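Scroll down for the structure; my scribbles are underneath it.
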């Protein structure tokens, strides 16, 4: 319960990233100038428009967080403008204040029903208008803060907390969509499943903190091998990762997998003065669309890639196996040493496979 209260308090403390812009809409030039001076003096940016149609064009050209509009204007009055603003989907909430010479309750209710947030008289004092603007600013800041918090939670729900890549939930949802798209429109998609060879030995030898560093280094190595914007990686759990190559056939997937395997095998990881090298085993599956049937499901492709991954493990690790083909030969590498960070001595690089 305490954590929820603390989180809410943090949200309320957030501020708008930019100073809000106020759009002043009135057919009276003197009123526009007076309000503009007041708005700027209160610390806001200000723009003006002479009628509702001009205001809509101004909003479409550049965003404004607050609109102060006169109710009675030619061509398009404040009530119609308010309705039109509410019908449109803007990037952020638009706080609307209707301005009128009348204090009649029916007029006030009509304005609120049209979607206005506030209603003030032209006889209202400068101090009160400034206070109303500050109230609008607080409400806009709260709306922005809540949207930011929701987006952060959405990102956390799709992202692996340790490595920063997508998580299993994201993988299942978006890989399913990609397969449906391929089935409907044609095209190709490939899946790589990989894990670190003898990862448990790394944790047992160096500790889980080093194991976490290894996982982070691995994701960076994977990212460097993915050149296309449509390629992406997800951590499925533990040291198992999936790489989705949209628009890649079996040959391209095999090339990418070999490139990835080679890059990882040539990456050394500093563990407080001692360098560790790791290898990965990779399984590859792919489809060419338009293809239909159970063989195009996420489960089927994962099963094919998993069997290929198992074949790479059984074949000696540090290998790539594509479904239905023989596995690759592991890279031969002689024993290696590397100079320590202080340059004073040679430190053996342990190869964990």
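The values are calculated or read from the model by the stated rules, or taken from the named source; none is laboratory data. These numbers were taken from a predicted model, which means no experiment stands behind them. Positions of Cβ are generated from backbone atoms using ideal geometry, with glycine treated the same way; all protein chains shown enter the neighbour counts.
Looking only at the range 120-140, count every residue that is touching a residue at least 40 places away in the same chain (Cβ under 8 Å), closer than 25 Å to residue 84 by Cβ and in contact with a helix residue (DSSP H, G or I) (Cβ under 9 Å, 6 or more places away or on another chain) and tell me the total.
Of the residues in the range 120-140, the ones touching a residue at least 40 places away in the same chain (Cβ under 8 Å) are 122, 126, 129-130, 133-134, 136-137, 139-140.
From the residues that got through so far, the ones that are closer than 25 Å to residue 84 by Cβ too are 122, 129, 133, 136-137, 139-140.
Okay, now just the ones that are also in contact with a helix residue (DSSP H, G or I) (Cβ under 9 Å, 6 or more places away or on another chain), so 122, 129, 133.
Matching residues across the range 120-140 total 3.
Working only within the range 226-249, note down all residues that are buried (at least 21 other Cβ atoms within 10 Å of the Cβ) and more than 22 Å from residue 215 (Cα to Cα).
Pass one, the range 226-249, residues buried (at least 21 other Cβ atoms within 10 Å of the Cβ): 232-235, 239, 241-245, 248.
Within the range 226-249, just 248 meets the criteria.
Scanning for something touching a helix residue (DSSP H, G or I) at 6+ places or on another chain (Cβ under 7 Å), buried (at least 19 other Cβ atoms within 10 Å of the Cβ) and at pLDDT 90 or above, does the range 168-189 turn up at least one residue? Checked the range 168-189: at least one residue is touching a helix residue (DSSP H, G or I) at 6+ places or on another chain (Cβ under 7 Å), buried (at least 19 other Cβ atoms within 10 Å of the Cβ) and at pLDDT 90 or above. Residue 123 meets each of the listed conditions (1) surrounded by fewer than 17 Cβ atoms within 10 Å (Cβ to Cβ); (2) over 19 Å from residue 219 (Cβ atoms); (3) touching a strand residue (DSSP E or B) at 6+ places or on another chain (Cβ under 6 Å) apart from (3).
Here's a check for you: in the range 102-119, which residue that is touching a residue at least 12 places away in the same chain (Cβ under 8 Å) and out of contact with any strand residue (DSSP E or B) (no Cβ under 7 Å at 6 or more places or on another chain) is farthest from residue 145 (Cα to Cα)?
Here is the first cut: in the range 102-119, the ones touching a residue at least 12 places away in the same chain (Cβ under 8 Å) are 102-103, 107, 110-111, 114-119.
Keeping just the survivors that are out of contact with any strand residue (DSSP E or B) (no Cβ under 7 Å at 6 or more places or on another chain) gives 102, 110, 114.
Values: 102: 35, 110: 30, 114: 26 Å.
The selected residue is 102.
For residues in the range 90-106 being over 34 Å from the mean Cα position of the chain (by Cα) and surrounded by fewer than 17 Cβ atoms within 10 Å (Cβ to Cβ), which is nearest to residue 25 (Cα to Cα)? If you could, list the steps in order and put the result at the bottom.
Narrowing the range 90-106 to residues over 34 Å from the mean Cα position of the chain (by Cα): 98-106.
Among the residues that remain, those that are also surrounded by fewer than 17 Cβ atoms within 10 Å (Cβ to Cβ) are: 101-106.
Values: 101: 15, 102: 17, 103: 19, 104: 21, 105: 22, 106: 22 Å.
Residue satisfying both the conditions and the ranking: 101.
Here is a yes/no grid of residues against (1) under 21 Å from residue 216 (Cα atoms); (2) assigned by TED's automatic domain parsing to the domain that holds residue 210; (3) modelled with pLDDT of 90 or more:
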{"position": "239", "(1), (2), (3)": "yes, yes, yes"}
{"position": "242", "(1), (2), (3)": "yes, yes, yes"}
{"position": "247", "(1), (2), (3)": "no, yes, no"}
{"position": "251", "(1), (2), (3)": "no, yes, yes"}
{"position": "275", "(1), (2), (3)": "yes, yes, no"}
{"position": "279", "(1), (2), (3)": "yes, yes, yes"}
{"position": "298", "(1), (2), (3)": "no, yes, no"}
{"position": "301", "(1), (2), (3)": "no, yes, yes"}
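The criterion of at least 3 residues that are under 20 Å from residue 143 (Cβ atoms) and modelled with pLDDT of 90 or more is met, among helices (runs of 4 or more DSSP H) falling completely within the range 33-116, by 78-87.
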